[in-house]
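Contents: one structure, followed by commentary.
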Amino acid sequence: MKKKVAVLFALLLLGFGLSSCAKATAPKAGSAKATDMLSLLPSESKGVVVIDFHRIMQTDAAAKAIAESENKAKYDEFIQTAGIDPQKDIFYFVGAVLGDFGQKEMDGVGLVNLRYEKEKLLALLQKERGEMTTEEYNGFTVYKAAASEDKKPVSGVFLDESNILFGTDSAVKKVIDVHQKKAESLAQVPDMAAFMSRVDMSGIAWSAVSYSPEQAKMIADSNPLLKAIEGFKGVITAIDDRDSTLVVDLRT
């Protein structure tokens, strides 16, 4: 399980195209906390996942998985080409789904807190996704990678020297608005703040998914076995690495 998590998020950056010239202050790589990252999420966020990537990559299991991987040569090549060492330079990944679940087209956004070399990373991303179009939005250059046979369209921004932002175009722009204090953040929504306060955020990863009463009833009505969840407001999950054992705490 640990090996899969480490490899998955080490490769997250390879699929997206990004850029910009931020002036506002955002969580700094190396000193940021998970709660700092949450301050960038839009108020419409209904599902959130936070992963302490640096802590995962510092475990003996992750180090062993990398050292013994059959793709170790490619991993080392990525470090040289991208200018990013996943074990040292990536700190947090935060993802969010915006709007009510069940919508046909959901907006989503991801934030990566890291140390990186913009030109090296941008060159690699353009190689992976091809040439990207750009659009100026509130002083930021939004890079847009078109859809391909096996990849969805994605927009992205170098938010500042420590944070990269990617996702659907609408969600990316909403994060920029929050970053520039032009829109309310998730942390400013009382109901969601109270909901997330119940999560144990001390582990290597956690998530919180909120449901409206209508959504919970719809899910409950879809199957008699799910009738018990009719009154649920959401699901929270916390994952921790204790004494070399992966512990998962799931609550409704």
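For segment 40-63, a residue qualifies if it is in contact with a Leu (Cβ under 8 Å, 6 or more places away or on another chain) and open to solvent by 30 Å² or more (accessible area, probe 1.4 Å), and the qualifying residues are Ser43, Glu44, Lys46. For Asp249, the conditions (1) open to solvent by 40 Å² or more (accessible area, probe 1.4 Å); (2) within 24 Å of Asp107 (Cα to Cα); (3) at pLDDT below 85 all hold with the exception of (2).
Name the residues in segment 64-74 that are open to solvent by 40 Å² or more (accessible area, probe 1.4 Å) and either within 24 Å of Glu117 (Cβ to Cβ) or of a type in the set (Asp, Glu) (or both), would you? Working first, answer last.
Filtering segment 64-74 for residues open to solvent by 40 Å² or more (accessible area, probe 1.4 Å) gives 64, 67-68, 70-74.
Listed by number, the residues that qualify are Glu68, Glu70, Asn71, Lys72, Ala73, Lys74.
The helices (runs of 4 or more DSSP H) located wholly in segment 45-130 that include 2 or more residues which are without any contact (Cβ under 8 Å) to a residue 24 or more places away in the chain occupy 60-68, 72-82, 118-129. The residues in segment 134-160 that are without any contact (Cβ under 8 Å) to a residue 24 or more places away in the chain and either of a type in the set (D, E, K, R) or touching a His at 6+ places or on another chain (Cβ under 9 Å) (or both) can be counted, and the count is 5.
If I ask for residues that are assigned to a loop (DSSP other than H, G, I, E, B) and in contact with a helix residue (DSSP H, G or I) (Cβ under 7 Å, 6 or more places away or on another chain), which ones from segment 161-206 would you list? Selection gives Ala183, Met201, Ile204. Only one of Gly95, Gly139, Gly130 is among the small types (Gly, Ala, Ser), open to solvent by 20 Å² or more (accessible area, probe 1.4 Å) and closer than 18 Å to Lys173 by Cβ. Can you tell me which? So the residue among Gly95, Gly139, Gly130 that is among the small types (Gly, Ala, Ser), open to solvent by 20 Å² or more (accessible area, probe 1.4 Å) and closer than 18 Å to Lys173 by Cβ is Gly139. For segment 136-160, give me the residue count where each residue is part of a loop (DSSP other than H, G, I, E, B) and among the hydrophobic types (A, V, I, L, M, F, W, C). Result for segment 136-160: 2.
The values are calculated or read from the model by the stated rules, or taken from the named source; none is laboratory data. All values derive from a computational prediction rather than experimental measurement. Cβ sites come from the backbone with ideal geometry, for glycine too, and all protein chains shown count toward neighbours. Calculation scope for accessible area: heavy atoms of the full protein, side chains included, ligands and nucleic acids excluded. Shrake-Rupley method; radii C 1.70, N 1.55, O 1.52, S 1.80 Å.
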